[in-house]
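> Below is a structure I'd like to ask you about.
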Amino acid sequence: MTSTSPGAPPAGRTVGGLALAGAAALAWASLVEVRWYALREVTVPVLPPGQDPLRVLHVSDLHLTPGQRRKIDWVRDLATLDPHLVVDTGDNWAHLDAMPGLLRALEPLLTVPGAFVLGSNDYLGPGFRNPARYLLPDARRAPARPPVALPWRELVARLTSAGWVDLSNRRDALEVDGRRLSLVGTDDAHLDRDEMPPAGGADDVRTSDGRSPAVDLHLGVTHAPYRRVLDAMHADGVDLTIAGHTHGGQLAIPGFGALTTNCDLDLSRAKGLHGWPGARPDRVDGAGSSWLHVSAGLGTSPYAPVRFACRPEATLLTLVSP
């Protein structure tokens, strides 16, 4: 015989309540939050003294598929923020037929100076996998069906022809709102395509001391924030590294946060503004760190279309003088 304490609900009722709560959470995650797009606004004290603010719009991980008209319209409306620079950190689409919708989404932003790198799902279309693989130490080791190749070369051609600079294992420079920016980027580390371009080459606009007076800001751009990439960016002297890929964990526990970053980045940096390799540079214990911003992104794999306690997002980074 099983005894219960006075006033305790019957076991069956408890199980039923948990099942109902689970169903409600799943409905929220798959029907509401996954489409509840948020604009994050973050101030980064990284510009040289005396400069006016510089607005950088960070978009990432759209994972666009045909028919996602609300997401397309939401991204188009970001142009009303009047950013000085757009940084796109990859995983733009998730379907062979998504090119028209993606170009429509980005069209108003392509009139603004921009820079981009590609992510794994810009090269390869997603396939069905057990979502629990993301809790493995390395999700790439999970077996999967052969992926579908996406027309990434055409995507690169479309973006560069509009004036955006491709930073896939490259350096470049941009004049933005009267400021001279040097940029360095890597290809996707999740596919082991990353290769940090050497410093001091013809495309490195900085002087040998890395802090040319002619350069107001040195930006690093990458898709997947693996530690090896962040270490290389930091060693290169970047003022701010901008990354995506993590989806902020996609499924988070309120009060705890992300359960995974889908790379070797620690959970505490799954999304938002941080320092690397230590604390934020504006803190007493952050000396020697550079700034790092990781976007939770705007989409999901079409085979795991859920978000919980982690709204899809784009971020307006306002760079200011300390």
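The values are calculated or read from the model by the stated rules, or taken from the named source; none is laboratory data. Keep in mind that this is a model prediction, so the values were computed, not measured. Neighbour counts run over all protein chains shown; Cβ positions are idealised from the backbone, glycine included. The protein model used for the area step is the full one, side chains on, heavy atoms only, and it has no ligands, DNA or RNA in it. Shrake-Rupley method; radii C 1.70, N 1.55, O 1.52, S 1.80 Å.
The rows are residues; the columns are (1) under 19 Å from residue 219 (Cβ atoms); (2) out of contact with any strand residue (DSSP E or B) (no Cβ under 7 Å at 6 or more places or on another chain); (3) modelled with pLDDT of 80 or more.
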residue	(1), (2), (3)
6	no, yes, no
10	no, yes, no
22	no, yes, no
35	no, yes, yes
46	yes, no, yes
55	yes, no, yes
76	no, yes, yes
85	yes, no, yes
88	yes, no, yes
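> Can you tell me which residues in the range 99-118 are part of a helix (DSSP H, G or I), in contact with a strand residue (DSSP E or B) (Cβ under 9 Å, 6 or more places away or on another chain) and open to solvent by 10 Å² or more (accessible area, probe 1.4 Å)?
99, 101, 110
> Is it the case, given these coordinates, that residue 240 is under 22 Å from residue 298 (Cα atoms), open to solvent by 10 Å² or more (accessible area, probe 1.4 Å) and under 18 Å from the mean Cα position of the chain (by Cα)?
no
> In the range 72-98, what count of residues is obtained for those that are touching a helix residue (DSSP H, G or I) at 6+ places or on another chain (Cβ under 7 Å) and either of a type outside the set (Gly, Ala, Ser) or over 23 Å from residue 187 (Cβ atoms) (or both)?
Summing the residues that are touching a helix residue (DSSP H, G or I) at 6+ places or on another chain (Cβ under 7 Å) and either of a type outside the set (Gly, Ala, Ser) or over 23 Å from residue 187 (Cβ atoms) (or both) in the range 72-98 gives 9.
> Among the residues of the range 216-226, what is the count of those that are open to solvent by 10 Å² or more (accessible area, probe 1.4 Å) and touching a residue at least 40 places away in the same chain (Cβ under 8 Å)?
Of the residues in the range 216-226, 1 are open to solvent by 10 Å² or more (accessible area, probe 1.4 Å) and touching a residue at least 40 places away in the same chain (Cβ under 8 Å).
> Here's a follow-up. State which residue is most open to solvent (accessible area, probe 1.4 Å) when the search covers only the range 175-199 and only residues that are within 25 Å of residue 320 (Cα to Cα) and either among the β-branched types (Val, Ile, Thr) or over 21 Å from the mean Cα position of the chain (by Cα) (or both).
Going through the qualifying residues, I end up with 175.
> Assess whether residue 74 counts as being surrounded by fewer than 23 Cβ atoms within 10 Å (Cβ to Cβ) and among the aromatic types (Phe, Trp, Tyr).
yes
> Go through the range 35-51 and count every residue that is open to solvent by 30 Å² or more (accessible area, probe 1.4 Å) and touching an Asp or Glu at 6+ places or on another chain (Cβ under 8 Å).
5
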